């Protein structure tokens, strides 16, 4: 397995300490605090470890405090309900005695029922696009020195933007964004791991879509932007080591918050997951 992919798989595999208690470590993706997608993915794995024969179909999470990248994270799982068709779990992530993240998840036994799904937008196929690593190399000297190593490193998740954006010199454009992504190598045949990997990746640049009309980016020193929450519904099975299109839009922003929503399609066009997120977008005053 690709070393970076193996590292991410091991990162998401939380250690079980007690019946309902798990522990995870952190990695550095260049952000000031723990990457929210990491906590999200680890929480998925912790919750799934307490459920048998049912798959995750929805999650709702709140990022409460910045995570410390140098400290381990403890995940406390509350087995709220084991019903006839649905299983509900609540997970609280704790560091230094304080909650940094709160998460509710629902698992469902497979059942038959009415079916319909949205159609994948018409965009260039991933084979015709440059990946994010190739694009980042051309911008390396523009970025803050502290972030150059993460920007230059090979990534465990390959991302190919449909409309490449320059994060250091952003231009205003409509609040729409699409990119292809997948794990950079084959993953084990474990559905919860694929869901955790997708949850992890779904937070990459998601709230950025709400900044597009304003010509803002994470890399501007006067911009403070963090995820406030994250919701996700899984509609169908998938493999995250195969290409998936992440199609996003932002219908509203205001009061220092931006709202974004996304649809995730397989390479063949099946809608397999939907996401929604609100993020803090605050412009710092000049001193």
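The values are calculated or read from the model by the stated rules, or taken from the named source; none is laboratory data. Being a predicted model, the structure only gives us computed values, none of them experimental. Positions of Cβ are generated from backbone atoms using ideal geometry, with glycine treated the same way; all protein chains shown enter the neighbour counts.
For the range 42-92, residues that are surrounded by 15 or more Cβ atoms within 10 Å (Cβ to Cβ), part of a strand (DSSP E or B) and free of Cβ contacts under 8 Å to residues at least 60 places away in the same chain total 10.
Scan the range 187-201 for residues that are in a helix (DSSP H, G or I) and surrounded by fewer than 24 Cβ atoms within 10 Å (Cβ to Cβ) and the total you get is 4. What is the one condition in (1) modelled with pLDDT of 80 or more; (2) in contact with a helix residue (DSSP H, G or I) (Cβ under 7 Å, 6 or more places away or on another chain); (3) more than 25 Å from residue 78 (Cβ to Cβ) that residue 128 does not satisfy? Condition (2) is where residue 128 drops out. Scanning for something without any contact (Cβ under 8 Å) to a residue 12 or more places away in the chain and under 26 Å from residue 272 (Cβ atoms), does the range 23-31 turn up at least one residue? For the range 23-31, residues without any contact (Cβ under 8 Å) to a residue 12 or more places away in the chain and under 26 Å from residue 272 (Cβ atoms): absent. Within the set 262, 258, the sole residue that is farther than 21 Å from residue 44 by Cα, modelled with pLDDT of 95 or more and crowded, with 19+ Cβ neighbours inside 10 Å turns out to be 258. Looking across 252, 210, one residue alone is in contact with a strand residue (DSSP E or B) (Cβ under 6 Å, 6 or more places away or on another chain) and surrounded by fewer than 16 Cβ atoms within 10 Å (Cβ to Cβ). It is 252. The set of residues in the range 168-181 that are modelled with pLDDT under 90 and either buried (at least 19 other Cβ atoms within 10 Å of the Cβ) or part of a strand (DSSP E or B) (or both) contains only 170.
Residues that are within 13 Å of residue 179 (Cα to Cα), within 21 Å of the chain's Cα centre (by Cα) and not in a loop (DSSP other than H, G, I, E, B) within the range 114-134 comprise 126, 132, listed in sequence order. Flag: residue 9 does not match the condition of being on the phi < 0 side of the Ramachandran plot, at pLDDT 95 or above, crowded, with 18+ Cβ neighbours inside 10 Å and part of a loop (DSSP other than H, G, I, E, B).
Restricting attention to the range 148-162, and to residues there that are in a loop (DSSP other than H, G, I, E, B) and under 16 Å from the mean Cα position of the chain (by Cα), which single residue is modelled with the highest pLDDT?
My answer is 156.
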